[in-house]
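S.K.: Take a look at the following structure, please.
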Amino acid sequence: MAAADFRAKAHDALGNRELRANFRRAMDGLMSKRAMLFADRTEWTALRALGAAVRARSLLRLPELLEQLETRLRDNGIQVHWAETVDDGNAIFKDILSRHGARRVVKGKSMVSEEMGLNHALEAEGIEVIEADLGEYIIQLDHETPSHIIMPAIHKNKQQIARLFSQKIKDAEYTEDVDRLTDLARRVLRRKFAAADAGISGVNAAVAETGTLVLVENEGNGRMCTTVPRLHIAVMGLEKVVERLEEVPPILSLLTRSATGQVITTYVNMISGPRKPGEKDGPEEVHLVILDNGRSRIYADPELRNTLRCIRCGACMNHCPVYTRVGGHSYPGVYPGPIGKILTPQILGLETTGDLPHASSLCNACVEVCPVEIPIASLLVRLRSEGAGKTPHGGAPVKGAGSRRKSQEDWVWRAWALVFRMPLLNRLSNFALTRFGWALPSDSPLLREWMTVRSRPRFARRSLHELVRREGIPHE
Amino acid sequence: MSDARTAILGRLRAAEGKTPPPAEHFEVVAPRGWSGEEKIARLRRLMESVHTEFLDARGGDWTALLQDWLAQQGLAGLIYPPDTPLGRRLAGQWSGATPLIPYDRSLAEWKEEFFAQEAAGLTGTQGGIAETGTLILWTDETQPRTLSLVPPVHVALLDVNMLYDTLWQAMREQGWTNAMPTNLLLVSGPSKTADIEQTLAYGVHGPKRLLVVLVEGDPAFS
């Protein structure tokens, strides 16, 4: 997807009143629910510090913990697969499913599977993949992608969903009643769960010391997918591991409170193995696919590595003044909002998505709410520099570094530096801009970009230096 | 795919940090010092706020109370785990109108029938968590995973002497690290969703209703 798409899509989204109302309502709700649960600032500060420490420690020892996780999972009877790219990941899924002759698959919500385009890959093999999370089911019916990582169908209102269900579900009556719409999906999907050959899920955290996959959800579809079919395949990005089980409670607490303003989700599903002999249900085989897809490259840089702390709560997008206005579909890649602005360019490369780090006013709202203290604003600035080919000493360049470098911009910054190094030049340029700035043509490089969305700036008639020299600084 | 494994781990190892790990302070998830009654009250308040129903059978006969409750709901049956102490107690004392259905075969043997039952599923619990209003469920040979998932009503027995302040406390005091079951579940209400316009709707895929039966000091749970 070309970078210019963000601008065009954002522009369209801003003009779509229905879409903006849908997002406004949802984001206001999510923000106030979260705020209520973090009203105790002392607790928030301590919990957040613990969450950040857990994630930072996990990343520090990532290779070691991944090996420990693999060993423990294997001891527990869970098979582990490694995928360098999304194509490799999809191939692993196809291989496991075809060995089992699985044709019908039910799937719980998983952003990493969206990143892989897993559904398309499996459908191309003639495998039916049904998204079982209600929000995912809605957008799958409408052939859309998630517009939010927690609330995938948040861009739709109930009238739109009512129309969709009445058109796409057999024998469904038109109803705008949320309970009846939910019941309709329940009836369709229960049959799918009972008939499925395999279930697919994501992973919220993988515990190295016990070999446990932790999944959170409210609906029960995740439990259905991981319990009812005879085969369960889970997939996660390689950053999801934590060392110890006791590190899970703070992560869960931060995740559910930040995401939806709940003290806990209805279900926390901890899977430590397939069905044991004598057990009456549960999958006979459990697999875990660990995906890299650019993450080890992100890991190589000590600053950018912080991107991998993310626990996918979505709080950054709920609070982002850009996201809440343009919605999730304006962003290229599958992760929208602030986390997408730092993650997507690092995965897909700055050549195609280098505009994303610029789609921010650096207001810091995301940084304030991030439960694991990811310095998103600093990372946005870093990625802007990377786009211009400026990797700091000791850092590892991002994919596509330097692809946005413009010689004209370089020239401007060099001149700027000179002006601030040479007092005479500084005085001269200040004099010129204050006296003759009005005469700059509107389409000159200095003004053109600025004036695409703003009115023409008016230069002060005296510089600050001149004013201070003339009037002095009043002492209180 | 072992090549992928080697390559990925190799890249990660090449970049591994040498900085000392930040300290973790767990006080914020540690026990709160709540009394027994405070724990019960808090668990109840939180679970009721998400539509969980309660039956207080402390000091009484839970089988009789449950019989009455089930008869009022007009459910087709009560599916229960026959090879557990509570299952044996139930079967031994049952005289109610609601038929008892033992979960005594593998899921595959009765999947269609099991999914179609308009019945309640009964499970024990391994205690509860007051901070979040949560039940701890272990699954094993005697207590299947689907018993608390597929039936439209889930009935869970909770011994009030097994309440913990926080999840962190429960996992440490119960020694989960050394003995994780194949599937450990935390359940904090009936199945729900807010995927349509942020409007809460109950009973989307799992149970539509959750009934917690509070018991105390019953030998079937020791």
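The values are calculated or read from the model by the stated rules, or taken from the named source; none is laboratory data. Here the structure is a predicted model, which is why all the values come from computation and not from measurement. Note that each Cβ is placed from the backbone with ideal geometry, even for glycine, and that neighbours are counted across all protein chains shown.
S.K.: For region A:165-182, check the following and say yes or no: at least one residue is in contact (Cβ under 8 Å) with a residue 40 or more places away in the chain, assigned to a strand (DSSP E or B) and either more than 20 Å from A:W82 (Cα to Cα) or among the aromatic types (F, W, Y) (or both).
M.R.: No, region A:165-182 contains no residue that is in contact (Cβ under 8 Å) with a residue 40 or more places away in the chain, assigned to a strand (DSSP E or B) and either more than 20 Å from A:W82 (Cα to Cα) or among the aromatic types (F, W, Y) (or both).
S.K.: Quick check on this structure: which one of A:L231, A:L215 is surrounded by fewer than 24 Cβ atoms within 10 Å (Cβ to Cβ), touching a residue at least 40 places away in the same chain (Cβ under 8 Å) and in contact with a Ser or Thr (Cβ under 8 Å, 6 or more places away or on another chain)?
M.R.: Within the list A:L231, A:L215, the selection yields A:L215.
S.K.: May I pose another question? Would you pick out the residues in region B:88-119 that are of a type in the set (A, V, I, L, M) and either outside any strand (DSSP E or B) or within 12 Å of another protein chain (Cβ to nearest Cβ) (or both)?
M.R.: Correct list: B:L90, B:A91, B:A97, B:L107, B:A108, B:A116, B:A119.
S.K.: Given the options B:V204, B:V212, name the one that is closer than 21 Å to B:L75 by Cα, at the interface with chain A (Cβ under 7 Å from one of its Cβ atoms) and among the hydrophobic types (A, V, I, L, M, F, W, C).
M.R.: Result of the check over B:V204, B:V212: B:V204.
S.K.: For region A:79-101, give me each residue that is surrounded by 21 or more Cβ atoms within 10 Å (Cβ to Cβ) and more than 10 Å from chain B (Cβ to nearest Cβ).
M.R.: A:N90, A:F93, A:L97
S.K.: May I ask you to say which residue of A:I161, A:I130, A:I149, A:I200 is touching a Phe, Trp or Tyr at 6+ places or on another chain (Cβ under 7 Å) and in the same structural domain as A:Q262 (by TED's automatic domain parsing)?
M.R.: Result: A:I149 is the single residue among A:I161, A:I130, A:I149, A:I200 that is touching a Phe, Trp or Tyr at 6+ places or on another chain (Cβ under 7 Å) and in the same structural domain as A:Q262 (by TED's automatic domain parsing).
S.K.: Another one. Confirm whether A:D28 is over 26 Å from A:L215 (Cα atoms), free of Cβ contacts under 8 Å to residues at least 12 places away in the same chain and within 20 Å of the chain's Cα centre (by Cα).
M.R.: Considered against the rule, which asks whether it is over 26 Å from A:L215 (Cα atoms), free of Cβ contacts under 8 Å to residues at least 12 places away in the same chain and within 20 Å of the chain's Cα centre (by Cα), A:D28 comes out as yes.
S.K.: For region B:184-195, does any single residue satisfy the condition of being more than 23 Å from A:E279 (Cβ to Cβ), more than 7 Å from chain A (Cβ to nearest Cβ) and touching a residue at least 24 places away in the same chain (Cβ under 8 Å)?
M.R.: Yes, some residue in region B:184-195 is more than 23 Å from A:E279 (Cβ to Cβ), more than 7 Å from chain A (Cβ to nearest Cβ) and touching a residue at least 24 places away in the same chain (Cβ under 8 Å).
S.K.: Looking at the structure I just gave you, is A:I169 surrounded by 18 or more Cβ atoms within 10 Å (Cβ to Cβ) and touching a Leu at 6+ places or on another chain (Cβ under 7 Å)?
M.R.: no
S.K.: I'd like the full set of residues that are under 22 Å from the mean Cα position of the chain (by Cα) and more than 7 Å from every other protein chain (Cβ to nearest Cβ), limited to region A:50-65.
M.R.: A:G51, A:A52, A:R55, A:S58, A:L59
S.K.: How many residues does region B:1-58 contain that are closer than 24 Å to B:E173 by Cβ, without any contact (Cβ under 8 Å) to a residue 60 or more places away in the chain and part of a helix (DSSP H, G or I)?
M.R.: 4
S.K.: Another question, then. Using the structure shown, decide if B:E173 is free of Cβ contacts under 8 Å to residues at least 12 places away in the same chain and in contact with a strand residue (DSSP E or B) (Cβ under 9 Å, 6 or more places away or on another chain).
M.R.: Yes.
S.K.: Residue check: is B:L100 closer than 24 Å to B:G203 by Cβ, in contact with a strand residue (DSSP E or B) (Cβ under 9 Å, 6 or more places away or on another chain), surrounded by 13 or more Cβ atoms within 10 Å (Cβ to Cβ) and without any contact (Cβ under 8 Å) to a residue 24 or more places away in the chain?
M.R.: yes
S.K.: Take the residues of region A:372-397 that are touching a Ser or Thr at 6+ places or on another chain (Cβ under 8 Å), more than 15 Å from A:C320 (Cα to Cα) and of a type outside the set (G, A, S): which is surrounded by the fewest Cβ atoms within 10 Å (Cβ to Cβ)?
M.R.: Taking the candidates together, the pick is A:P392.
S.K.: Take region A:216-234 and flag every residue that is touching a Phe, Trp or Tyr at 6+ places or on another chain (Cβ under 8 Å) and closer than 23 Å to A:D88 by Cβ.
M.R.: Those that are touching a Phe, Trp or Tyr at 6+ places or on another chain (Cβ under 8 Å) and closer than 23 Å to A:D88 by Cβ: A:C225, A:I233.
S.K.: Checking the conditions here, which among B:L158, B:L147, B:L122 is at the interface with chain A (Cβ under 9 Å from one of its Cβ atoms) and under 14 Å from the mean Cα position of the chain (by Cα)?
M.R.: Testing whether each residue is at the interface with chain A (Cβ under 9 Å from one of its Cβ atoms) and under 14 Å from the mean Cα position of the chain (by Cα) leaves just B:L147.
S.K.: Being more than 8 Å from every other protein chain (Cβ to nearest Cβ), in contact (Cβ under 8 Å) with a residue 24 or more places away in the chain and surrounded by fewer than 21 Cβ atoms within 10 Å (Cβ to Cβ) narrows it down to one residue among A:E209, A:E128; which is it?
M.R.: A:E128
S.K.: Would you check which residues across region A:222-238 are more than 10 Å from chain B (Cβ to nearest Cβ) and either over 23 Å from B:V187 (Cβ atoms) or under 20 Å from the mean Cα position of the chain (by Cα) (or both) and list them?
M.R.: Selection gives A:L231, A:I233, A:A234, A:V235, A:M236, A:G237.
S.K.: If we keep just the residues of region B:1-21 that are at pLDDT 90 or above, under 16 Å from A:H81 (Cα atoms) and at the interface with chain A (Cβ under 7 Å from one of its Cβ atoms), which is surrounded by the fewest Cβ atoms within 10 Å (Cβ to Cβ)?
M.R.: Among those residues, the one meeting the criterion is B:A7.
S.K.: In addition: Starting from region A:449-461, keep only residues that are in the same structural domain as A:R435 (by TED's automatic domain parsing), then list their pairs with residues that are of a type in the set (G, A, S) and surrounded by 11 or more Cβ atoms within 10 Å (Cβ to Cβ) whose Cβ atoms are within a distance under 7 Å, requiring at least 6 positions of separation or different chains.
M.R.: A:F459/A:G437
S.K.: In addition: Which residues, taken from region A:140-164, are within 30 Å of B:E113 (Cα to Cα) and either of a type in the set (A, V, I, L, M, F, W, C) or not in a helix (DSSP H, G or I) (or both)?
M.R.: The one that is within 30 Å of B:E113 (Cα to Cα) and either of a type in the set (A, V, I, L, M, F, W, C) or not in a helix (DSSP H, G or I) (or both): A:L141.
S.K.: Something else: For A:R305, indicate whether it is free of Cβ contacts under 8 Å to residues at least 60 places away in the same chain, within 14 Å of chain B (Cβ to nearest Cβ), within 26 Å of A:A49 (Cβ to Cβ) and in contact with a Gly (Cβ under 9 Å, 6 or more places away or on another chain).
M.R.: It is false that A:R305 is free of Cβ contacts under 8 Å to residues at least 60 places away in the same chain, within 14 Å of chain B (Cβ to nearest Cβ), within 26 Å of A:A49 (Cβ to Cβ) and in contact with a Gly (Cβ under 9 Å, 6 or more places away or on another chain).
S.K.: Quick check on region A:430-447. Is at least one of its residues under 27 Å from A:T391 (Cα atoms) and either modelled with pLDDT under 90 or not assigned by TED's automatic domain parsing to the domain that holds A:S361 (or both)?
M.R.: Checking region A:430-447: at least one residue is under 27 Å from A:T391 (Cα atoms) and either modelled with pLDDT under 90 or not assigned by TED's automatic domain parsing to the domain that holds A:S361 (or both).
S.K.: Sort out which residues of region A:340-361 are outside any helix (DSSP H, G or I) and either closer than 21 Å to A:G389 by Cα or in contact with a His (Cβ under 9 Å, 6 or more places away or on another chain) (or both), and write them in order of number.
M.R.: Within region A:340-361, A:G349, A:G354, A:D355, A:A359, A:S360 meet the criteria.
To keep it simple, each residue is scored yes or no on (1) modelled with pLDDT of 95 or more; (2) surrounded by fewer than 24 Cβ atoms within 10 Å (Cβ to Cβ); (3) assigned to a loop (DSSP other than H, G, I, E, B); (4) in contact with a Pro (Cβ under 7 Å, 6 or more places away or on another chain).
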site: A:P277; (1), (2), (3), (4): yes, yes, yes, no
site: A:P302; (1), (2), (3), (4): no, yes, yes, no
site: A:G333; (1), (2), (3), (4): no, yes, yes, no
site: A:P338; (1), (2), (3), (4): yes, no, no, no
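S.K.: Right, another one. What number of residues within region A:239-275 satisfy the criterion of being more than 27 Å from B:T146 (Cβ to Cβ), touching a Pro at 6+ places or on another chain (Cβ under 8 Å) and within 7 Å of chain B (Cβ to nearest Cβ)?
M.R.: Adding up the residues that qualify gives 0.
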